[in-house]
Every structure is written in structure tokens, then in C-alpha cells.
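Here's the structure, in C-alpha cells; my notes come after.
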Amino acid sequence: MRMRLKWNDSLLIALRVSIVSVFVLACFSPSAFGQKEKKDLPPRAISVSPEYTGVVVPQGDAVSIDLIVSNNGRKDENIDLAVTSIPKGWKARLKTYDFGVTGVHLKSDTKKNLTLRAEPPRDVATGNYTFDIQGQTEDRKLTSTGRVIIKVEEKKAEKKQEGVNIVTSYPVLTGPTDAKFEFSLEVENKTDADSIFNVSAQGPENWNINFKPAYEDKFISSLRLKAGQSQTLAVEVKPNPWSKPGQYAMLVKVNSPKAEGQVALTVILTGTYKLDAGTANGLLSLSAVRGEKSNLSFFVKNGGSAPLDNVRFLSFQPENWKVKFTPEAMDVVAPQEVKQVEVSITPPAQALVGDYSVGLRTESGNPPKVDKTIELRVSVTASAAWGWIGIGLIVFVMGGLVFVFTRLGRR
């Protein structure tokens, strides 16, 4: 009876453990966290959709609208893109940062943001203007179209700032992150009294914004203007070197006790593109045996502030040599990221003993294109087996000579 009770207790404990295990597995399964498994995706599906399907702008203003291109299927896709409907007189293109885009590569269940840039003609009339954006897979089996309607309204007359008038011909400047930008402002005192005007600026964090008189290098924080007088002022802007590509706004203020004026300035950063490659210890030499594979590791570093896309590797080697990279290419190297690459170098079996030069080139497909080449000195030696064969031949010949002299000496 006691044995039967113990057996029933064991069954009860095992049952409880099983229930707890099933509960834990259910809680920590991907579906418990709302994760979407790839098997739940359709075989193929794409989407091209603007973030805003309708916008209102004043006459003469250009428009930039974010566009989302998505691959919602299980298969990686190359998607061709085009603006298929553009109103007469307008200019429109798809872009990212400062270059146009006609197609994107999207892995399964990923998306990419682009920009629809639309510029109206000078004499654009008020009304609604329709733009169609089409995405199509390479095999032309899948098509998706997004539509944007831009409503142009009559531009209201701008109220001039009383007291101080500030004019700039170029309020938007574009360039790489490591560039120095200089805006030119024309500041006019429209009051009837001479005044000292203070100048200040509000901008992104850790950016350097300074003011200079035109054609001078000294920095100033104020300027004296007589009644009705105007003066040219330079605004020098140096971005934070770690700023990401994008659009940054600044507000410049000019004020005195009786008058105040301000103007908005914009800097569009395209990022910096820097590529570096080398070995961890800095040595660029390698020993190799004829007909045998030798391995070497080197690093690839993105020293800029913009991602490096489509990084690939090339080699320059003597005839009949074999060079192989692992991996053969990289989709993207993030800013300040370092990745390791393995390379195997195999001289031909007929190669002469000596030193040879092998070039390893790393390049990115980004515009502007950047690359880095490292040159290796490869010292080719013969296999150790041939050394032992040579020693054996010498010993054999010496033995033969001893044998011959011994026989001749006896005669």
C-alpha cells in the first residue's frame, strides 16, 4: 500500500512539471511576444506608400514628402521605382540625401524610406496636382502604386519685420558633415536712429555658429548701424563631426532695444564617407608555400558619419595566383563600425621562390565612391619536403662517390 502511494505521488509530480514546462515554453515562444514569423508572411508582397497622401503648400514652394517602400513577403526583392504621373511644368524625382533613386533592394520583411521631391514651375496656378509613384519587381510580376495630391494655395504677402530687415539669397546650404558652411546676410536698420544690434543664433547642439563682418576673419557679437544703413554679415557654421546626415535648422536673431529681426537658415548634411582597411598589427607581409594556401585577416572600418553600402573586395595578383575573400562582400558598414575579413592567397605550384606583391582593394558603392587598397609583400618558399629530397640526393651522391673511390682504391 505504501509503495502504491509513492508511485501515485511520483506521477502527480511529473504531471505538474510537464504542465509548468508547457506554460514556460508558451510564454517565451516568439508568438507570445507578438513576433511575426516568416512563415506567416505571404510568398511575395511589396508596397509603395507616401507618408502623406495630401499636402497644402503656398504658390512657388517646393515639396518634400517621405515615401515608404516595403517588402512584405518572404522573398528578397529588387524593386524598380519611378514617378509615373507628373503634372505639366512640374519637376519630380525620388531621392535619398542628395542623389536620385531609381530602385532599391529590400530583404524579406524590411522597408526603406525615400523622399519624393516636387518642384513647381514659376507661374504655377492654384489648384490640386496629382503625382503617382510606382514600384515594380524586376520580373514585373508585382506592382504597387502610391498617390500624392499637392494642393497649391495663393501665397500670402509676408509681413516685413519692422525696425530690422534681414535678407539672405541662400538660406539653405548642402554639403558633407566635415565641411564649413558660410551664409551671407544683409542686415538693414530701418529705424530713424543709430543703434547697436546684438547678433545671436539658436542651432543644433554642439554646433559652432559664429558671426563675422563681410570679408573679415574676426568674430563679432554685435554691430553698429546708422539709421537707414545696411551691412553684410557672414554666419559661419561648423557642424558637430558626429552629426548624422539630414536637415538641420538654425534661427539667427538681430536685435536692439527698439527693434528686432530674425531669419531661418538650414544646413543639409550629406554625411562623410571615409573607408579604412589594414591589418591589426600593421604588418603587410605574408609567407606562403608554393601550391599551398596561406591565410590573412584584415579589418575594414567606416570612419565617416554615413553608412557605406555595397562594400566589395578586389585583388591584384601575379598571373595564376588565387585570392579568395570571406565574406566576398558586405551589404552595409555602419558609421564607426569595424568588420573583419579573411583572405586566402595561393601561389601556383610552379611559382619561383622570392617576394611578390599582392594588392587587396576595398571599395564602397556609395556616391561618392570611396576605396582603400593595401599592398602585401608575399614571400614564396619551397615546400620543406623538397628540402629533405635535396638532402637525400646529396647523401646519395656522396655515398656513390665513396663507393666508387673505395672500389678503385682496392684495384
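The values are calculated or read from the model by the stated rules, or taken from the named source; none is laboratory data. Note that the coordinates shown come from a computational prediction; the quantities given were computed from them, not determined experimentally. Please note: Cβ atoms are built from the backbone with ideal geometry, for glycine as well, and neighbour counts cover all protein chains shown.
Number of residues in segment 56-68 that are out of contact with any Leu (no Cβ under 6 Å at 6 or more places or on another chain) and either within 14 Å of I133 (Cβ to Cβ) or of a type in the set (K, R) (or both) equals 4. Scoring V172 on the criteria (1) in contact (Cβ under 8 Å) with a residue 24 or more places away in the chain; (2) among the aliphatic types (A, V, I, L, M); (3) over 30 Å from D66 (Cβ atoms) leaves a single failure, condition (3). I need the full set of residues from segment 248-259 which are part of a strand (DSSP E or B) and within 12 Å of N189 (Cβ to Cβ), in order please. Listed by number, the residues that qualify are V254, N255. Flag set for A280, criterion: assigned by TED's automatic domain parsing to the domain that holds K372 and either under 25 Å from P335 (Cβ atoms) or of a type outside the set (K, R) (or both). Please indicate, with yes or no, whether at least one residue in segment 239-252 is at pLDDT 90 or above, in contact with an Asp or Glu (Cβ under 7 Å, 6 or more places away or on another chain), loosely packed, with under 15 Cβ neighbours inside 10 Å and polar (S, T, N, Q). Within segment 239-252, not a single residue is at pLDDT 90 or above, in contact with an Asp or Glu (Cβ under 7 Å, 6 or more places away or on another chain), loosely packed, with under 15 Cβ neighbours inside 10 Å and polar (S, T, N, Q). Annotation note: Cβ proximity below 7 Å between a residue of segment 210-233 that is more than 12 Å from F183 (Cα to Cα) and touching a residue at least 12 places away in the same chain (Cβ under 8 Å) and a residue that is assigned to a loop (DSSP other than H, G, I, E, B) and of a type in the set (G, A, S) (sequence gap 6+ or interchain) occurs for A227/A193. The residue of segment 300-337 that is modelled with the lowest pLDDT, among those that are of a type in the set (S, T, N, Q) and in contact with a strand residue (DSSP E or B) (Cβ under 9 Å, 6 or more places away or on another chain), is S305. Scan segment 348-359 residue by residue and report those that are within 36 Å of the chain's Cα centre (by Cα) and within 11 Å of V380 (Cα to Cα). Of everything in segment 348-359, those that are within 36 Å of the chain's Cα centre (by Cα) and within 11 Å of V380 (Cα to Cα) turn out to be Y356, S357. A count restricted to segment 334-356 and to residues that are assigned to a strand (DSSP E or B) and touching a residue at least 40 places away in the same chain (Cβ under 8 Å) stands at 8. The condition of being at pLDDT below 90 and within 30 Å of A306 (Cβ to Cβ) holds for T96.
Every residue, every condition in (1) surrounded by 10 or more Cβ atoms within 10 Å (Cβ to Cβ); (2) among the hydrophobic types (A, V, I, L, M, F, W, C); (3) modelled with pLDDT under 90; (4) in contact with a strand residue (DSSP E or B) (Cβ under 6 Å, 6 or more places away or on another chain), yes or no:
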position	(1), (2), (3), (4)
V22	yes, yes, yes, no
L25	yes, yes, yes, no
S31	yes, no, yes, no
G54	yes, no, no, yes
E77	yes, no, no, yes
V101	yes, yes, no, yes
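When each of E328, E319 is tested for being farther than 18 Å from K372 by Cβ and either surrounded by fewer than 14 Cβ atoms within 10 Å (Cβ to Cβ) or in contact (Cβ under 8 Å) with a residue 24 or more places away in the chain (or both), the lone residue that passes is E319.
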